[in-house]
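Here the structure comes first, spelled out in structure tokens, and everything after it is commentary.
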Amino acid sequence: MRGTLFIVAAPSGAGKSSIVNACLARDPNISLSISFTSRAPRPGERHAQHYHFISAEEFQRMIEAGDFFEHALVHGDWKGTARQSVEPQLAAGRDVLLEIDWQGARQVRLQVPDAVGVFILPPSRAALDERMRKRGQDSPETIIRRLAAAREEMSHYREFDYVIVNEDFDTAVDEMCAIFTASRLRCDAQRQRHEALIAGLLE
């Protein structure tokens, strides 16, 4: 059976990557799709581990070639998910998780209507500001720009199936993993997974 595509989005500083990484460490049945970006690596980020870091020119060439499953201009930099990072895994029955923004999520929904969307919210605007500054990865100008964009990003939470408020990290991780489990137990998925069993039970 085909795998499930999970989409996780959040404003910068909401703790999305930390929650996702904790869930991936706990759940071996889901893979993270590594996105492409035209921005420079932040301290501690590695090519092909956190992102595929490429130039803006190379990114444009990939857009023109139709290589992206989704792509968007975010905070002045391009981000996108390559088709070859997603489709083969889904076709092989493996679940795939995309860490993308709401613009990318909207594009993915058009192509994969049954994708499961999760939006992560911070517990307050003050907490978002504090977390972003404590990261120490962005310049003051970048932080101001990201905070200004956060309200617009958060206004799109209604476009997702689930919402997690990241007030307590461990609770947020438990909730995300619960979403993975619940999605795999949906009737259509279980019908495909246990077709022979169900047929035998209904004889």
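Where residues in segment 186-203 are more than 17 Å from residue 115 (Cβ to Cβ) and part of a loop (DSSP other than H, G, I, E, B), which of them is modelled with the highest pLDDT? Going through the qualifying residues, I end up with 202. For segment 116-150, what are the residues that are more than 15 Å from residue 166 (Cα to Cα) and of a type in the set (Lys, Arg)? Within segment 116-150, 133, 134, 135, 145, 146 meet the criteria. Selection of segment 35-59 for residues being assigned to a loop (DSSP other than H, G, I, E, B) and loosely packed, with under 12 Cβ neighbours inside 10 Å yields 40, 43, 44, 46, 48, 49, 55.
Which residue pairs have Cβ atoms closer than 6 Å, lie 6 or more positions apart in sequence or on different chains, and pair a first residue in segment 6-34 that is closer than 20 Å to residue 183 by Cα and of a type in the set (Val, Ile, Thr) with a second residue that is at pLDDT 95 or above and in a helix (DSSP H, G or I)? Between residues of segment 6-34 that are closer than 20 Å to residue 183 by Cα and of a type in the set (Val, Ile, Thr) and residues that are at pLDDT 95 or above and in a helix (DSSP H, G or I), the close pairs are 8/20; 19/172; 19/173; 19/176.
Test residue 189 against the criterion of being closer than 25 Å to residue 28 by Cβ, exposed (fewer than 13 other Cβ atoms within 10 Å of the Cβ) and touching a residue at least 40 places away in the same chain (Cβ under 8 Å), and give yes or no. Spelling it out, it is not the case that residue 189 is closer than 25 Å to residue 28 by Cβ, exposed (fewer than 13 other Cβ atoms within 10 Å of the Cβ) and touching a residue at least 40 places away in the same chain (Cβ under 8 Å). If only residues of segment 72-120 that are acidic (Asp, Glu) and more than 30 Å from residue 145 (Cα to Cα) are counted, the one that is surrounded by the fewest Cβ atoms within 10 Å (Cβ to Cβ) is 114.
The values are calculated or read from the model by the stated rules, or taken from the named source; none is laboratory data. From a predicted model like this one, the values you see are computed outputs, not experimental measurements. Please note: Cβ atoms are built from the backbone with ideal geometry, for glycine as well, and neighbour counts cover all protein chains shown.
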